[in-house]
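The numbers here are math on the coordinates, done by the rules we state, and not lab data. The model shown is predicted, which means the values in this text are computed figures rather than measured ones. FYI the Cβ positions are ideal-geometry reconstructions off the backbone, even for glycines, and counts take in every protein chain you see.
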Amino acid sequence: MEEKPDFEKDLASIRQMMERSVKFISLSGLAGVMAGVYALTAATYVYKNFYEHQLLEARSFIEVRPDQVFHLTVVGIVTLAASLITGVYFSYRKSKRLGFTFWNNVSKQLFINISIPLVSGGMFVLIMLQHHYYGLVAPACLLFYGLALVNASRNLVEEIRYLGYCELVLGIVASLYIGYGLLFWAIGFGVLHIVYGVLMYRKYDA
């Protein structure tokens, strides 16, 4: 097998360094899998406690009590916090293994790009809860999350953009079927995350 000329090796090294300078490549596929597991666990908990075991029956929580709204909000916040903590842990561990600095200019820009849609979406969801638009909460979560992924994809691997597109499409479909929000929420944050995480782990981590 012929070895590549030195100039080709140099070009490949330069190309790799340039990509690393603008991409946050420490994102772990395992973080996506765990986020999906957390989401499915939360969806199962909500289903058992609020859906009264009625399989796939429409439920928009129009008559939900204030204490139930608070309960559901806490479940969502805990799920989000667990996903973020796990994502940071696995990404930090991967960056150390690769010999990179975890908190650098690229990760800072990534944090800004993903935070703007997420924070805006979170505030919008809280306003909808205040006005009792419960049926649109799940679609809004999916839509703003999809926008966050697309906006952050410039600093991540390209596959993140396609995950964002899938979340956006799912959010639009969910808005057409008010009452099935938990089902779409479980698919978007649970199933899609697990599929994405497994694919990313096999491609970049294994």
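Tell me the net charge near residue 195. Cut-off is 14 Å between Cβ atoms, residue 195 excluded, with +1 for each Lys or Arg and -1 for each Asp or Glu.
Around residue 195, the surrounding residues sum to 0.
Spelling out what I want: for every residue of the stretch 156-172, take phi, set θ = phi - 60°, compute 6.51 cos²θ - 1.76 cosθ + 1.60 (Karplus), and round to whole Hz; glycine and proline get x.
Rounded to whole hertz, the list is 10, 5, 4, 4, 4, 4, 5, 4, x, 4, 5, 5, 5, 4, 5, x, 5.
What is the extension gain from residue 102 to residue 44, computed as 0.36 nm multiplied by their sequence separation minus the C-alpha to C-alpha distance, in nm to one decimal?
Once the chain is fully extended between residue 102 and residue 44, it gains 17.5 nm.
Mind jotting down a quarter of the surface of the convex hull over the alpha carbons of the stretch 113-187, in square nanometres, one decimal? Please list the in-between numbers first.
Numbers: hull surface 18.1 nm².
Average of the hull's projected areas for the stretch 113-187 equals 4.5 nm².
For the peptides 40-47, 82-89, 179-186, what is the packing order when you average, over each peptide's residues, the other Cβ atoms within 10 Å and list the highest mean first?
Averaged packing, sorted descending, gives the order 179-186, 40-47, 82-89.
Under 8 Å for C-alpha pairs, at least 6 residues apart: give me the relative contact order for the stretch 57-206, rounded to a whole percent.
Reported as a whole number, the value is 26 percent.
For the stretch 82-206, what is the convex hull (Cα atoms) projected area averaged across all directions, in square nanometres?
7.8 nm²
List the residues whose amide H sits under 5 Å from the amide H of residue 28, counting only those 5 or more places along or on another chain, with H placed 1.01 Å from N in the peptide plane.
The list, which skips near neighbours in sequence, is 91.
Tell me, what ³J(HN,Hα) does each residue in the stretch 115-130 have, in order and in whole Hz, if you take phi through Karplus 6.51 cos²θ - 1.76 cosθ + 1.60 with θ = phi - 60° and put x for Gly and Pro?
Karplus-based 3J(HN,Hα) across the stretch 115-130 equals 6, 4, x, 5, 5, 4, x, x, 5, 5, 5, 4, 5, 5, 4, 5 Hz.
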